[in-house]
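The values are calculated or read from the model by the stated rules, or taken from the named source; none is laboratory data. A quick note: this is a predicted structure, and the numbers were derived from the prediction, not measured. Note that we place each Cβ from the backbone using ideal geometry, even for glycine, and neighbour counts take in every protein chain shown. Heads up: the accessible areas ignore ligands, DNA and RNA and are worked out on the full protein's heavy atoms, side chains in. Shrake-Rupley method; radii C 1.70, N 1.55, O 1.52, S 1.80 Å.
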Amino acid sequence: MIERLLPDDVSCAATREETVPDGTLFPEEEALMARSVAKRRNDFATARACARRAMAGLGLPPVAVLHGHRGKPLWPEGIVGSLTHCHGYRAAALARAQDVLALGIDAEPHAPLPEGVRELVTLPAERERIGPQAEEGSGALHWDRVLFSAKESVFKTWYPVTGIELDFVEADLTIHQESGPGGGGTPVAAHGAFTARLLLTDPALPTALRGRWRIEDGIIATAVLVRPNWREEESV
C-alpha cells in the first residue's frame, strides 16, 4: 500500500502482523524496549522488522534502528527513511540520501478521529474545505483522519531537514481526490493527492509540500517525499 504512494527508488516494506518472533530485535533495540508495555514493544519491533526488509531492498545489511528526539529513527549514514504503525498495519520506507532528501509516511485506521481531536489538529479553513466533500456523497470517507495522517507525513518529512518542529495548525492542507481504480489490483475506497501550505514566516524555507494518500482495506496511508533540490522547487 505505501509502495503505491512512492517512486521506484524508495524501498518499502509493510506487514499486517501485530507481533514478530522473539529475536527479531537487535540487543541495542531490546535495551530501548526493556521497560515498555507489550503494545509499545510490538509496535517498535514490527516496524523495525519492516525497516530491515526495506534495507534489503536497497542491498544493505540489516542493522539496528535506534531513535533520537521525539522518536525520530536513526538511519545508517547515507540513508533516509520513515516508519509508521497503527493497528493492523506497519510499514517502512527507505531511500538513498543522494536521491531523496527526506520522506515521511503515515498509516491510520480509516475511522473518525476521537471526539474533540478534529478541532485540535485541523484549521477552520481545512474543516470548511472537507465539509462539502462529505456532503457530496463521500460521507463514508473520514476526511478528518486523512488530514491528520497527511499532516503526520508532512511533519516526518519536514523535521529531519529543518530541525523545526511543526504544530498541527502550522500546515494548511488541501486534499484532492482522484477518480479511477488507483492501481495495484486491490479494491480502493479512495485515493488522491494533497498539498500542504506551511504557515511559516522564514523566507529562506520552502512554503509547500505535496504528497499522496490512499484508503484501502480499512487503512489510510499517506506519504510525502522531497528531492535534494526541494529548496529550489519547493515541492516534489
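Two-decimal Rg/Rh of segment 13-130 from alpha-carbon positions, Kirkwood Rh?
Dividing the radius of gyration by the Kirkwood radius yields 1.03.
List the extent of the Cα atoms of segment 23-92 along each of their three principal axes, largest first, rounded to whole Å.
The principal-axis extents, from largest down, are 33, 25, 25 Å.
Roughly speaking, what is the stretch gain from Asp167 to Gln98, that is 0.36 nm per residue apart minus the C-alpha to C-alpha distance, in nm to one decimal? Walk me through the intermediate numbers first.
Working: separation 69, 0.36 × 69 = 24.84 nm, distance 2.88 nm.
Using 0.36 nm per residue and subtracting the Cα-Cα distance, I get 22.0 nm.
Taking the dipole about the Cα centre of the chain, with the C-beta of Lys and Arg at +1 and of Asp and Glu at -1, give me whichever of Ile220, Pro73, Thr174 is farthest to the positive side.
Most positive-ward Cα: Pro73.
For helix 124-135, what angle does its Cα long axis make with the longest principal axis of the chain, in degrees from 0 to 90 and rounded to 10?
Helix 124-135 sits at roughly 80 degrees to that axis.
Any chance you could give the angle, 0 to 90 degrees and rounded to 10, that helix 38-57 forms with the longest Cα principal axis of the chain?
80
Using the Cα centre of the chain as the reference point, and only Cβ charges (+1 on K/R, -1 on D/E), how large is the resulting charge dipole? Debye, rounded to the nearest 20. Before the final figure, lay out each step's value.
Details: 25 positive and 33 negative charges, 97 e Å.
Computed about the Cα centre, the dipole is about 460 debye.
Taking DSSP loops as anything outside H, G, I, E and B, show the longest stretch in the chain free of trypsin sites (Lys or Arg not before Pro) there with at most 15 other beta carbons within 10 Å.
It runs 36-236.
Which Cα, out of Phe194, Val37, His142, lies furthest along the positive dipole direction of the chain (beta carbon charges, K/R +1, D/E -1)?
The Cα lying farthest towards the positive end belongs to Val37.
Under unit Cβ charges (Lys, Arg +1; Asp, Glu -1), what dipole magnitude, rounded to 20 debye, does segment 10-64 have relative to its Cα centre?
Dipole of segment 10-64, to the nearest 20 debye: 140 debye.
Under the √(5λ) rule applied to the eigenvalues of the Cα gyration tensor, what semi-axes describe the equivalent ellipsoid of the chain? Give them in Å, descending.
For the chain, the ellipsoid semi-axes come out as 28, 21, 18 Å.
If the chain between Glu128 and Arg227 were fully stretched, how many nm would it gain, using 0.36 nm times the residue separation less the Cα-Cα distance?
Stretched fully, the Glu128-Arg227 segment lengthens by 32.5 nm.
Subtract the Cα-Cα distance of His176 and Leu205 from 0.36 nm times their separation in residues, and report this length gain in nm to one decimal.
8.0 nm
Cα axis of helix 143-162 to longest principal axis of the chain: angle in degrees, 0 to 90, nearest 10?
Result, in degrees: 60.
Accessible area per residue for the chain in Å², computed with a 1.4 Å probe and the full protein assembly in place, what is it?
48
What are the aspartates and glutamates whose alpha-carbon lies under 17 Å from the alpha-carbon of Lys39, with same-chain residues fewer than 8 places away excluded?
Glu17, Glu18, Asp22, Glu29, Glu30, Glu108
Report in % the part of the accessible area of segment 1-139 that belongs to carbon and sulfur, leaving out ligands and nucleic acids; probe 1.4 Å.
Of all accessible area on segment 1-139, carbon and sulfur atoms account for 53 percent.
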